[in-house]
Amino acid sequence: MTAPAQAAQVGELPATTAAVARDRTRRRRLPAAGTTLLALLALWLLARLLLGGRWTLPLAAADLTPLQLRLNDLNDWVSGHRNTSPLFLYFFNEIRLAVDTVGTAFTQVLSRTDVGLGIPEIGWLGTTVLVTALAYAVGNVRVAVLTLAVFCCFVLQGLWADAMDTFALVLASVLFALAIGLPLGIWSGTSRRVHRILTPVLDFMQILPSFAYLAPLVLIFLIGPASAIIATVVFAAPPVIRLTAHGLQQVPAVTREAADSLGVTGWQRLRTVLLPMARRTVVIGINQTFMAALSMVTIASLIGAPGLGLTVAQALQSLDVGTAFNAGVAIVLMAIAFDRVATAAGERTETALRSGRSRRRARRIAVAAALLVAVLAVYLSRTYLWAAEPPTGWPDLGRLLTDVGDTVSGWLQAHLSTVTGGLKDAVTYGVLNPLEALLTGSPFWVTGIVVTVVAWLAGRWRTALTAVLCLAAIVWLGVWQDAMATLAATLLATVAVVVLGVVVGVWMGRSRMADRIIRPVLDAAQTMPAFVYLVPFLALFDASRFTAIVAAVVYAAPAAIKIVADGIAQVPAATVEAATAFGSTRWQVVTRVQLPMSARSLALATNQGLIYALSMVVIGGMVGAGALGYDVVAGLSQDQLFGKGLAAGLTLVALGIVLDRITQAAAGRSGRRPGAARPRARSTAPALPAAGG
Amino acid sequence: MTAAAHPLPRTAGRTAPGRPATADGTPDFSVRSLWKVFGHRPDRIPGDRSLDGLTGPEVLARTGCLPAVRDMSFDVARGEVFVVMGLSGSGKSTLVRCLTRLVEPTAGRVLLEGQDLTALPPARLRDVRRNRISMVFQHFGLLPHRTVLNNVGYGLQVRGVGRAERNRRAAEVVDLVGLSGYEQRFPDQLSGGMQQRVGLARALAGDPDVLVFDEPFSALDPLIRRDMQAEVIRLHRDMGKTMLFITHDLSEALRLGDRILIMRHGELVQIGTGDELVGAPADDYVADFVADVPRADVLTLRWIARPDDPPDAAGAATLPADTVVRAAIPVVSGSAGPVRVVDGTGTDQRTLGWVGRDDVLALVAGAGRPPHRRRADAGDAATATESAAIEPAAATGAPA
Ligand SMILES: Nc1ncnc2c1ncn2[C@@H]1O[C@H](COP(=O)(O)OP(=O)(O)OP(=O)(O)O)[C@@H](O)[C@H]1O
Ligand SMILES: [Mg+2]
């Protein structure tokens, strides 16, 4: 055992004692907060009864507030001055052109050109073989075969062109994200000051629902690939920045110091010590950036990104489950291929070092051969039409998948509708409607006071002030009612997420077996782009608010479950043994020891649940959930609603901040425990695989 | 400055068997009024006279700043093995890190052959780290992604030595520390002792003038530790490099060190050879430190010789003053009367005093501590203070 590990073990005992002592004080304080909350709820209901229907700030779907009209004017002004204002002429337009150029280059290489038959620079055969060879070069034979299979599948599904559009955009976005993210991450990992400045910015970016920045980007960069790529870069760069910085920071101080004592320059230290030792973490960051990019490129179909996302979006809007299913499968396959290849690349960074000289030479020859074949394939597909266009004679898997989607959805709606419909109605009428009525029907200032008091309970004056400011912004932006409807759906989804998180998380935290089985499923679920979550639930529940909520629950649950499971698993075994020795039942051990001691994890799980659920509920606006999500989409597609869409996007930001600040403050309040390892809230999205996994 | 009086640094090396008299008297590096203070606005602490009487923790409580190294001054002679000792947290690591500015000192100077390291620009400082002073760390600090050979050659690579030359030199040093055959292994495939040999080899590869060891063997088990100590003694005998060695193991200090510096709360308490610390501890802290040492193994006859002439001196056996008491037991117990203890050789030889059977027995039995300042030749030299050993110009020239 290493010395630090020993130290940690020794250090745990006093920490445990302290935690137990703190638990005792908390239990005395808890009823106070509980009673306040209950009293608050009672007053709120009373106010709703007495003042219901007044000061509710309603706004009809086609109406705009003066502010929103001014935003429309802003949009008009920008359209009018896009080619005259120096800010656009010399800055924004330049960026748009540069990004467009790169995006177009990738599209032309992989997907289509504007000349003649529109055949891409590298046709079907070339792309497939080249990608397979690259997968082998960075990974291994297994992932190369997987990549080959996936790319052939695109052909079988009849989605080759769409898939290549998406692939090209993902590559272009990842290129930008890495070009920005790696240097920033290195800088943040080597300079404490940069890290301190960058962390809150990244935290902020991560609480933004992906829908929030579509409208502002369109305002500046127009609808088109440039906006899509920029949106994707904004969404996908944070993981690689964070993980690169984290990888550099976790290089032990001893190693750093030893290198310094040998007289390294800053550059030598980075190149020969920090980067090699951080390589695995950096590769994981790149992996997450790929996943985030794929997720966002599909969503960016709303602002002009062609490809699989567009197919899904159009199918969702016309409730064409079969087509959405087929394209959704293609997206999932692409996600799996990215993830497996990147994971294999991460493992390679270790095994490659250790393999002997002769094996390294053999592999180098094999990689060279594979690349040679790829070059040959590229040559073929640039020369012969049969190699340039995807083969046509193959079995039509797309037709099959579409039929399966349609049939299953039809069958479900015909035979299961009593169950699914019953569930949907029960939740909608039993919980969702009353909750929404409470939130949208109360005077805005009553709801505002309630939220502020909750914020004060969680984090005292700072949090309360943040809440007041954000709520004021929401009122000012004029979409209060829609915001409350979205909030109702988000809260409901979050409650379900937390319940799921506690039940499954406790199970996983207590049983290694359960953990081993469930965790890979959760990991896989977290790599799925948000869009595809809507498809199966659309089939089950039709277009409704409930569909969005269920999708949100399933989308947000993996992160929450993992956080709870880690929190439970971190409760020292000695404490659990002590409790068992005192004769506690298993139920008592869970409720009196393990859950209270992982209070911070629970709060963080709630935090992540809220952020993910909000993001997904908003996307659900495309399948009948209405509210803010619908406002955003409508604003993007109809010029006269642009101002409202932009206001809805900004409202999302405010809503995200309130929910995040309150739950983070609650987590901080329950987490001031010495010694206990703190679960990191932000890096848990497809979490770092443990060293052994 | 510490209030305690310190014996003058002895300029002659300890003449243990098989070891050359290494120190030739010229200081290799000197530390002058060195301070390292951790905390907010640390530079206000060194000049603050009102904190003079307080211990480190008291200063921390009063000012919020922790003086990890406080006004340290000492010289290390060329070829000497200089050991720094102290309890955990007394500032040993901080002190040695200040030497090459891995930790930037708050005040004071470090002179390497007269060159002030604290004033060097970064590029020159890197030169010193590359060519002059190398360190060995308690937790090794090896690069996990490099083989043993590449770890050892790392310092050379940093200097810009070409691959072939680097590998040749690294292989030599790997052989020197007894790791031949393990060149292509990775650090995590080696035992702790072997990893520290790699650390040692890495430090040796650059052929530095000074080697600094920060508790290099604390993480190793006792058997391997003895092995490694023997290794260091052998290297020192073969190469004669100046070594600064940190440990909190007194037996290790006595085994390796020509002189030992004892620190407490960042302050210097005493500097001296092993027998000086054991025979004349400056205060109770040092006395406690050395309480468990078997005195007969450390003290020489010099410490117990009585100056007064015995009644029948004729025909008494003669022993050199530097004989360790334990080694003298057969002679003393075999002779009828007291034994004559002499200093010097040939014509310079003079009688220091006499040692009888009872004197030896009293020491071996550990009956009480030998009275302070009974060293036969120590007289006035032992009462000189440490500050007197430092030329005034250097002491006043240090930044406040
Ligand atoms: N970077 C730092 N910031 C603040 N305080 C520090 C820092 N490094 C060391 N200290 C403090 O300085 C004092 C001396 O530490 P140092 O590591 O030099 O002790 P040491 O004698 O080497 O102890 P050990 O035998 O445990 O290694 C300690 O009280 C320590 O807490
Ligand atoms: Mg130390």
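Sort out which residues of segment B:65-98 are within 9 Å of ligand 2 (Cβ to nearest atom) and touching a Leu at 6+ places or on another chain (Cβ under 7 Å), and write them in order of number.
Within segment B:65-98, just B:96 meets the criteria.
Could you check how many residues of segment B:113-125 are more than 14 Å from chain A (Cβ to nearest Cβ) and touching a strand residue (DSSP E or B) at 6+ places or on another chain (Cβ under 7 Å)? Walk me through it before giving the result.
First, the residues of segment B:113-125 that are more than 14 Å from chain A (Cβ to nearest Cβ): B:113-116, B:118-119.
Narrowing further to those that are touching a strand residue (DSSP E or B) at 6+ places or on another chain (Cβ under 7 Å): B:113, B:116, B:118.
Qualifying residue count, segment B:113-125: 3.
Counting only residues that are in a loop (DSSP other than H, G, I, E, B) and either under 10 Å from residue B:140 (Cα atoms) or within 16 Å of ligand 1 (Cβ to nearest atom) (or both), how many does segment B:196-224 have? Explain how you work it out, then say what you get.
Within segment B:196-224, the subset in a loop (DSSP other than H, G, I, E, B) is B:206-209, B:215-221.
Retained after the next criterion (residues that are either under 10 Å from residue B:140 (Cα atoms) or within 16 Å of ligand 1 (Cβ to nearest atom) (or both)): B:215-220.
Of the residues in that region, 6 qualify.
Among the residues of segment A:604-624, how many are under 12 Å from residue A:531 (Cα atoms) and of a type in the set (A, V, I, L, M)?
Total satisfying the criteria: 6.
Got a sec? Which strands (runs of 3 or more DSSP E) wholly within segment B:79-139 have at least 2 residues that are within 12 Å of ligand 1 (Cβ to nearest atom), among the hydrophobic types (A, V, I, L, M, F, W, C) and open to solvent by less than 40 Å² (accessible area, probe 1.4 Å)?
By residue number, B:81-86.
Residue check: is residue B:205 in the same structural domain as residue B:110 (by TED's automatic domain parsing), buried (at least 20 other Cβ atoms within 10 Å of the Cβ) and within 15 Å of ligand 2 (Cβ to nearest atom)?
On the way: in the same structural domain as residue B:110 (by TED's automatic domain parsing): yes; buried (at least 20 other Cβ atoms within 10 Å of the Cβ): yes; within 15 Å of ligand 2 (Cβ to nearest atom): no.
Answer is no for this residue.
Just to be sure, is residue B:110 in contact with a helix residue (DSSP H, G or I) (Cβ under 6 Å, 6 or more places away or on another chain), within 16 Å of residue B:206 (Cβ to Cβ), aliphatic (A, V, I, L, M) and more than 9 Å from chain A (Cβ to nearest Cβ)?
no
Do we find that residue B:250 is within 30 Å of residue B:285 (Cα to Cα), open to solvent by 20 Å² or more (accessible area, probe 1.4 Å), within 16 Å of ligand 1 (Cβ to nearest atom) and aliphatic (A, V, I, L, M) in this structure? Write out each step before concluding.
Details: within 30 Å of residue B:285 (Cα to Cα): yes; open to solvent by 20 Å² or more (accessible area, probe 1.4 Å): yes; within 16 Å of ligand 1 (Cβ to nearest atom): yes; aliphatic (A, V, I, L, M): yes.
Yes; evaluated as a whole, the condition is true for this residue.
Go through (1) more than 28 Å from residue B:38 (Cβ to Cβ); (2) more than 16 Å from ligand 2 (Cβ to nearest atom) one by one and return the number of the condition residue B:257 breaks.
Condition not satisfied by residue B:257: (1).
Okay, residues lined up against (1) surrounded by fewer than 20 Cβ atoms within 10 Å (Cβ to Cβ); (2) more than 16 Å from ligand 2 (Cβ to nearest atom); (3) at pLDDT below 90; (4) away from chain A (no Cβ under 14 Å):
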position	(1), (2), (3), (4)
B:189	yes, yes, yes, no
B:217	no, no, yes, no
B:222	yes, yes, yes, yes
B:244	no, no, no, no
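All but one of (1) closer than 24 Å to residue A:374 by Cβ; (2) out of contact with any Lys or Arg (no Cβ under 6 Å at 6 or more places or on another chain) hold for residue A:92, so report the exception by its number.
Condition (1) is where residue A:92 drops out.
Against the conditions (1) in contact (Cβ under 8 Å) with a residue 40 or more places away in the chain; (2) touching a Phe, Trp or Tyr at 6+ places or on another chain (Cβ under 9 Å), where does residue A:315 fall short? Just the number, please.
It is condition (1) that residue A:315 fails.
Pairs, please: C-beta under 6 Å, at least 6 apart or cross-chain, first residue over 15 Å from residue A:383 (Cβ atoms) and in segment A:112-128, second modelled with pLDDT under 75?
As it stands, the answer is A:112/A:118, since those pairs meet every condition given.
How about segment B:44-78: which of its residues are out of contact with any helix residue (DSSP H, G or I) (no Cβ under 9 Å at 6 or more places or on another chain), within 15 Å of ligand 1 (Cβ to nearest atom) and farther than 27 Å from residue B:215 by Cβ?
Answer for segment B:44-78, where residues must be out of contact with any helix residue (DSSP H, G or I) (no Cβ under 9 Å at 6 or more places or on another chain), within 15 Å of ligand 1 (Cβ to nearest atom) and farther than 27 Å from residue B:215 by Cβ: B:61, B:64.
Do we find that residue B:292 is in contact (Cβ under 8 Å) with a residue 24 or more places away in the chain and surrounded by fewer than 17 Cβ atoms within 10 Å (Cβ to Cβ) in this structure? So that I can check it myself, show each step before the final result.
On the way: in contact (Cβ under 8 Å) with a residue 24 or more places away in the chain: yes; surrounded by fewer than 17 Cβ atoms within 10 Å (Cβ to Cβ): yes.
So residue B:292 passes the test.
Being under 21 Å from residue B:255 (Cα atoms) and away from every other protein chain (no Cβ under 13 Å) is the filter here; which residues of segment B:194-215 pass it?
Within segment B:194-215, just B:197 meets the criteria.
Have a look at A:199, A:255 and point out the one that is surrounded by fewer than 23 Cβ atoms within 10 Å (Cβ to Cβ) and within 14 Å of chain B (Cβ to nearest Cβ).
After ruling out the rest, the residue left standing is A:255.
Of everything in segment B:127-142, what is in contact with a Pro (Cβ under 6 Å, 6 or more places away or on another chain) and more than 16 Å from ligand 2 (Cβ to nearest atom)? Give them in sequence order.
Within segment B:127-142, B:132, B:133, B:134, B:142 meet the criteria.
The values are calculated or read from the model by the stated rules, or taken from the named source; none is laboratory data. The shown structure was predicted, so the numbers you read here are calculated from the model rather than taken from an experiment. Note that each Cβ is placed from the backbone with ideal geometry, even for glycine, and that neighbours are counted across all protein chains shown. Side chains are part of the model used for accessible areas, which takes the heavy atoms of the whole protein and leaves out ligands, DNA and RNA. Shrake-Rupley method; radii C 1.70, N 1.55, O 1.52, S 1.80 Å.
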